[in-house]
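The values are calculated or read from the model by the stated rules, or taken from the named source; none is laboratory data. Treat the numbers as computed from the prediction; the structure is a model and nothing was measured. Heads up, the Cβs are rebuilt from the backbone with ideal geometry, glycines too, and the neighbour counts pull from every protein chain shown.
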Amino acid sequence: MFKFIVLLAFLYNVVAFAPINRLSSSRLSMSFEAAEGAQKPLGFWDPLGLLKEADETRFNNLRFVELKHGRISMLAIIGHLVQQNYRFPGFIDLEGHKFADLPNGFAGLAAVPALGLAQLILSIGWWDLKGWKQVEGSTPGDFGIPYLAKYKTEEQKREIRAKELNNGRAAQMGILALLIHEQINGRPYVINDLLGLPYDWN
């Protein structure tokens, strides 16, 4: 199961690095090179050729997916760090099991009761299908939350969108690395080990 998750995450990361579009192939190539996210140090990078024969609709769809998974990965990184130190008070089920007693990482997920997992899956599914909706006619990933309203110029907004893309890409690789290191030796925080900073990963 873990190998399957890692494979899916790897493929998503490869897709995520590709901006996406269609006119003539030469004109599209130029437009891709100027797209948000096609910037130093990698620039325009499409190792799987996902942009061949792509049109603007496909570009927007893939960019939307990239942003969504980047945002989820950024939250996952935060969650991974927070749950190492803080837990909800109270009980996770009617049998008296506390949130604080759950182990970390995959072991914690396996310890969640079946009804709890069902609630998580249904909640995530609802948000994915109904809760987060693209604002029609806007840039990919715009859910109508007026975060960019405080930035006045288009150049400022473009810069912020590019930063979000890069942070999301880094977070996708980061959460994957944490999951892999957890499976390798049960110690996901490599930086702590390198710096000699102790932590308890139960």
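Which residue, of L115, L176, is closer than 30 Å to N61 by Cβ, out of contact with any His (no Cβ under 9 Å at 6 or more places or on another chain) and in a helix (DSSP H, G or I)?
After ruling out the rest, the residue left standing is L176.
With of a type in the set (F, W, Y) and within 17 Å of the chain's Cα centre (by Cα) as the only criterion, which of W132, W126 stands out? Please lay out each step first, then the result.
Working: W126 fails: within 17 Å of the chain's Cα centre (by Cα).
Of W132, W126, the one residue that is of a type in the set (F, W, Y) and within 17 Å of the chain's Cα centre (by Cα) is W132.
Return the residues of the range 129-166 that are surrounded by 10 or more Cβ atoms within 10 Å (Cβ to Cβ) and among the aliphatic types (A, V, I, L, M); say none if nothing qualifies.
V135, L148, I160, A162, L165
Which residue pairs have Cβ atoms closer than 7 Å, lie 6 or more positions apart in sequence or on different chains, and pair a first residue in the range 142-164 that is on the phi > 0 side of the Ramachandran plot and part of a loop (DSSP other than H, G, I, E, B) with a second residue that is modelled with pLDDT of 70 or more and not small (G, A, S)?
Between residues of the range 142-164 that are on the phi > 0 side of the Ramachandran plot and part of a loop (DSSP other than H, G, I, E, B) and residues that are modelled with pLDDT of 70 or more and not small (G, A, S), the close pairs are G144/V135.
Looking at the range 26-37, can you tell me whether even one residue there is in contact with a Phe, Trp or Tyr (Cβ under 6 Å, 6 or more places away or on another chain) and modelled with pLDDT under 75? Talk me through it step by step, then tell me what you get.
The initial filter retains those residues of the range 26-37 that are in contact with a Phe, Trp or Tyr (Cβ under 6 Å, 6 or more places away or on another chain), namely 32-33.
This time we only want the ones that are modelled with pLDDT under 75, so: 32-33.
Within the range 26-37, one or more residues are in contact with a Phe, Trp or Tyr (Cβ under 6 Å, 6 or more places away or on another chain) and modelled with pLDDT under 75.
Looking at the range 182-202, which of the residues that are charged (D, E, K, R) and part of a loop (DSSP other than H, G, I, E, B) is surrounded by the most Cβ atoms within 10 Å (Cβ to Cβ)?
R187
So in the range 91-112, with the set limited to residues that are hydrophobic (A, V, I, L, M, F, W, C) and part of a loop (DSSP other than H, G, I, E, B), which one is farthest from I180 (Cα to Cα)?
L94
Do we have V135 as closer than 24 Å to A171 by Cβ, modelled with pLDDT under 90 and in a loop (DSSP other than H, G, I, E, B) here? It would help to see each step written out before you state the result.
On the way: closer than 24 Å to A171 by Cβ: yes; modelled with pLDDT under 90: yes; in a loop (DSSP other than H, G, I, E, B): yes.
It is true that V135 is closer than 24 Å to A171 by Cβ, modelled with pLDDT under 90 and in a loop (DSSP other than H, G, I, E, B).
Q84 versus (1) touching a residue at least 12 places away in the same chain (Cβ under 8 Å); (2) under 30 Å from F143 (Cα atoms): which is the lone unmet condition?
Result: Q84 passes all but (2).
With respect to the numbered conditions (1) over 17 Å from I72 (Cβ atoms); (2) of a type in the set (A, V, I, L, M); (3) modelled with pLDDT under 90, which one is the sole condition not fulfilled by I124?
All conditions are met except number (1).
Suppose we filter L51, L42, L62 for residues that are in contact with a Pro (Cβ under 9 Å, 6 or more places away or on another chain) and at pLDDT below 75; which single one remains?
None of the others qualify; the one that does is L51.
Quick one: count up the residues across the range 51-90 that are more than 16 Å from L176 (Cα to Cα) and either part of a loop (DSSP other than H, G, I, E, B) or of a type in the set (A, V, I, L, M, F, W, C) (or both).
Going through the range 51-90 one residue at a time, the tally reaches 16.
Here's a check for you: in the range 68-98, which residue that is surrounded by 14 or more Cβ atoms within 10 Å (Cβ to Cβ) and over 25 Å from the mean Cα position of the chain (by Cα) is nearest to R161 (Cα to Cα)?
So, considering only residues that are surrounded by 14 or more Cβ atoms within 10 Å (Cβ to Cβ) and over 25 Å from the mean Cα position of the chain (by Cα), the one nearest to R161 (Cα to Cα) is I92.
Go through (1) within 17 Å of F64 (Cβ to Cβ); (2) surrounded by fewer than 14 Cβ atoms within 10 Å (Cβ to Cβ); (3) not hydroxyl-bearing (S, T, Y) for R169 and report which single condition fails.
Going through (1) within 17 Å of F64 (Cβ to Cβ); (2) surrounded by fewer than 14 Cβ atoms within 10 Å (Cβ to Cβ); (3) not hydroxyl-bearing (S, T, Y) one by one, R169 breaks only (2).
Could you say whether any residue in the range 54-61 is surrounded by 17 or more Cβ atoms within 10 Å (Cβ to Cβ) and among the basic types (K, R)?
Among the residues of the range 54-61, not one is surrounded by 17 or more Cβ atoms within 10 Å (Cβ to Cβ) and among the basic types (K, R), which makes the answer no.
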